[in-house]
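The values are calculated or read from the model by the stated rules, or taken from the named source; none is laboratory data. Quick caveat: nothing in here was measured; it's all calculated off a predicted structure. Every residue, glycine among them, receives a Cβ derived from its backbone with ideal geometry; neighbour counts consider all protein chains shown. Just so you know, the surface numbers come from the protein's heavy atoms only, side chains and all, with ligands and any DNA or RNA stripped out. Shrake-Rupley method; radii C 1.70, N 1.55, O 1.52, S 1.80 Å.
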Amino acid sequence: MDYQVLLQDAMEQARRMPARGRVADYIPALAEADPLAFGMAIATVDGGVFGAGDWQRPFSIQSVSKLFTLALALAEGGEGLWRGVGREPSGNPFNSLVQLESEQGIPRNPFINAGALVVTDRLLELTGDAVGAVRDFLRTESGNPEVAADDTVAASEARHGHRNAAMAHFMASYGNLRNPVDSVLAHYYAHCAIAASCRDLALAGLFLARHGVRVDGSRLLSRSEAKRINAVLLTCGTYDAAGEFAYRVGLPGKSGVGGGVLAVLPGRGAACVWSPGLDAAGNSVLGVAALDALTTATGWSVF
Ligand code: DON
């Protein structure tokens, strides 16, 4: 496989999309992203790293961080996590409040915002520093010590994060948060505001391709836990577009409103793509198109 050529071809096909989508602006600092930025990287389990376009340029990882908070919370605390958060697709937008009341403050899954707040709360309880845990994991797995939260982006979200605050208070009223709401929100905004590149994220996602094993050979998760995270990524990682993503890409994946998408090729590698223009569900238009082109050309899929 000539990964370099595959990446360039996939990006070339994605560039033919009639429109690039809209850059997120509900977090004002994200509106400053370069709408023409586009990069893609693949990291393989046998040590290869390949990239094209803006693959080494850091961007705001936003909800891609939720893959790592989930993995770390499960690694630290085990299955008890699932008492406070479900693992069913929500069929609703990532920031929807609508199911929380009828489902007694238990969010549908760990990747919608409400579910991610619960995971952040548990990770904070288990480690004392949820954002530090995610940042350090990303630094170690990527080998890039410069991965860090962007305080300006986190502060920008905090000033406009009324929906997340509403969800957090609502879940606290059901006893589904163990830390003060303000601490949970601060850690959540900060891990969403981590800046990393396609290269960094593809490398950091490799533990799922290695069935739970970290870059140094130590085990973060059992093989079965890694399988389960991949399953929840497939069914819930791209929100109410998870069916369409599975149909087009056929891989577990996690998107973020910064325009990043990280997809896992179990046993083989991880691919990350970044283009800030989003579709209505909050997924990168060119990102999904490039992954679609890559998996269609190679036949890479879990199916
Ligand atoms: O809480 C939020 O709205 C953002 N920090 C993250 C949302 C997000 O990335 C959804 N992804 N597509």
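Among the residues of region 88-114, how many are surrounded by fewer than 18 Cβ atoms within 10 Å (Cβ to Cβ) and more than 16 Å from the ligand (Cβ to nearest atom)?
Final tally of qualifying residues: 6.
Residue by residue through region 248-277, note down the ones that are under 18 Å from GLY53 (Cβ atoms) and touching a Lys or Arg at 6+ places or on another chain (Cβ under 9 Å).
GLY256, GLY260, VAL261, LEU262, ALA263, CYS272, TRP274, SER275, PRO276, GLY277
Of all residues being part of a loop (DSSP other than H, G, I, E, B) and farther than 22 Å from GLY258 by Cβ in region 1-56, which is nearest to the chain's Cα centre (by Cα)? Just the residue, please.
It comes out as VAL45.
Report yes if some residue within region 63-76 is farther than 17 Å from PHE137 by Cβ, open to solvent by 30 Å² or more (accessible area, probe 1.4 Å) and aliphatic (A, V, I, L, M); otherwise report no. Working first, answer last.
Taking region 63-76 as the starting set, the residues that turn out to be farther than 17 Å from PHE137 by Cβ are none.
Looking for residues that are farther than 17 Å from PHE137 by Cβ, open to solvent by 30 Å² or more (accessible area, probe 1.4 Å) and aliphatic (A, V, I, L, M), one finds none in region 63-76, hence no.
Step by step: first the residues of region 115-149, then only those that are closer than 18 Å to ASP216 by Cα and over 17 Å from the mean Cα position of the chain (by Cα), then the one that is most open to solvent (accessible area, probe 1.4 Å). Which residue is that?
PRO145
Test each condition in (1) open to solvent by 10 Å² or more (accessible area, probe 1.4 Å); (2) more than 15 Å from the ligand (Cβ to nearest atom) for ALA195 and report the one that comes out false.
With respect to (1) open to solvent by 10 Å² or more (accessible area, probe 1.4 Å); (2) more than 15 Å from the ligand (Cβ to nearest atom), ALA195 is out only on (2).
If you go through region 130-183 one residue at a time, how many are in a loop (DSSP other than H, G, I, E, B) and β-branched (Val, Ile, Thr)?
Adding up the residues that qualify gives 1.
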